1. How big is the Kirkwood radius of the stretch 116-312, worked out from every pair of different alpha carbons and given in Å to one decimal?
2. Output the peptides 201-208, 300-307 sorted from most to least packed, where packing is the average of other Cβ atoms within 10 Å over each peptide's residues.
3. Using alpha carbons only, how many angstrom separate the centre of the stretch 29-70 from the centre of the stretch 285-304?
4. Determine which lysines satisfy two conditions relative to K39: a Cα distance under 16 Å, and not lying fewer than 8 residues away in the same chain.
5. Go ahead and estimate [θ] at 222 nm for the chain from helices alone: -39,500 (n - 2.57) per DSSP H run with n ≥ 4, summed, over the residue count, rounded to 500.
6. If I fit a long axis through the Cα atoms of helix 94-115 and take the longest principal axis of the Cα atoms of the chain, what angle between them do I get, 0 to 90°, rounded to 10?
7. Between K167, K117, K235, where does the largest GNM mean-square fluctuation fall for the chain, given springs only between Cα atoms within less than 10 Å?
8. Given N residues in the chain, what is its alpha carbon radius of gyration divided by 2.2 N^0.38 Å?
Amino acid sequence: MFRGICKNMICPNAECPCHTDNKPGKVVTHGFYNSRAGKRRRYRCFICGKTFCSTKNTPYYRLQHRRSKFDEVAALSVEGVNKSAISRVKGIAWNTVHHWLEKAAESCGKFNCNKSKVMDIRELQADEIRTITGGKKTPVWIFAAMDIWSRYWPATVVGTRSFENTKKLFRAVSKQTNPQNVPLIMTDGFEFYKSASRRCFAKCLYAQVIKTRRKDRIIKVEKRMIIGSKNQIEKALQESDDSTTINTSFIERLNLTIRQSTAYLTRRTTCFSRFPEYLGNQLEILRGHYNFLRPHRALKFGNEKRTPAMQAGLSNQRYSFREVFTFCYILKILCEIKMKMESELQALPNAA
């Protein structure tokens, strides 16, 4: 039987030298195995002699369904379709849909974390969405931030409306911000934004938009300059490509996208989240889809359609769910190599 050498594959066995050295080219094809979806290719490592399939260490491992169905379930979940509807449409059990989305959320979370790099954030908006989990007596808030120029969604936090969660959101954004920049931050009148922005950003400009409502109608809009002088904020607005005045329009539009794309947040529905963890998992899938998979209408230049990650310089292509879910296999290998190198460095003084 002819055996082809797989030049780009690395042995998933953690004890194999081929795996630890990160040197592909020692893996060959090794026949097929039968599954419910048909024949699948097997591979064999020349070094350790272990055999494995191409889905090892990915969400597709032992799936017993076609990988395209797994991708379709993830795609339906970010289009506002709830788990019960997905189960009926795709003809699979509700527990299977729930388990698949948990695995998809884990992969998307790793992908989002690995792809997050230092960005040139100059204009930032933040806001929160109120929802419920388990019952009306336990409200939960979704904190989200947005880079206006690229429409990139850098971080989100699910929890109570407290200073710790506000600081956690801004701290996650500040790690992705160039420390030499002085970003203009615009939020609503929530009290903890001011102190959190001062703690998490070395230098920043901060302004608030206070809306007064009466009978569900906005009757007054007040704009306050909190951190920075009037000239500094006006200069930042003049240099902005999107904003001409202090506003929170962009983050409010992102809030609408989050509500429309998450079945848990649909108004007057029985499909609310029973646990905050389920809501957080769904938001991880949605954030990865919004930043890396879905082209943004405001980022269309002629025939070219860009995603927020492409506009922010974090990627040079539009990804698919298949690429996101298989990326975790490469990421796991790199993490294991990094941990091994750190352990070897720690053992050097002891050996000496």
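1. 17.5 Å
2. Values: 201-208: 18.9, 300-307: 11.8.
Taking the mean over residues of other Cβ atoms within 10 Å, the ranking is 201-208, 300-307.
3. Between the Cα centre of the stretch 29-70 and that of the stretch 285-304, the gap is 32 Å.
4. List returned: K56.
5. Calculated mean residue ellipticity at 222 nm is -12500 deg cm²/dmol.
6. 80 degrees
7. K235
8. Numbers: Rg = 23.5 Å, N = 352, 2.2 N^0.38 = 20.4 Å.
That ratio works out to 1.15.
All of the numbers you see were taken from the coordinates with simple rules; none came from a lab. In this text, all values refer to a predicted model and were calculated from it rather than measured experimentally. Using ideal geometry, Cβ is built from the backbone for each residue, glycine included, and neighbour counts are taken over all protein chains shown.
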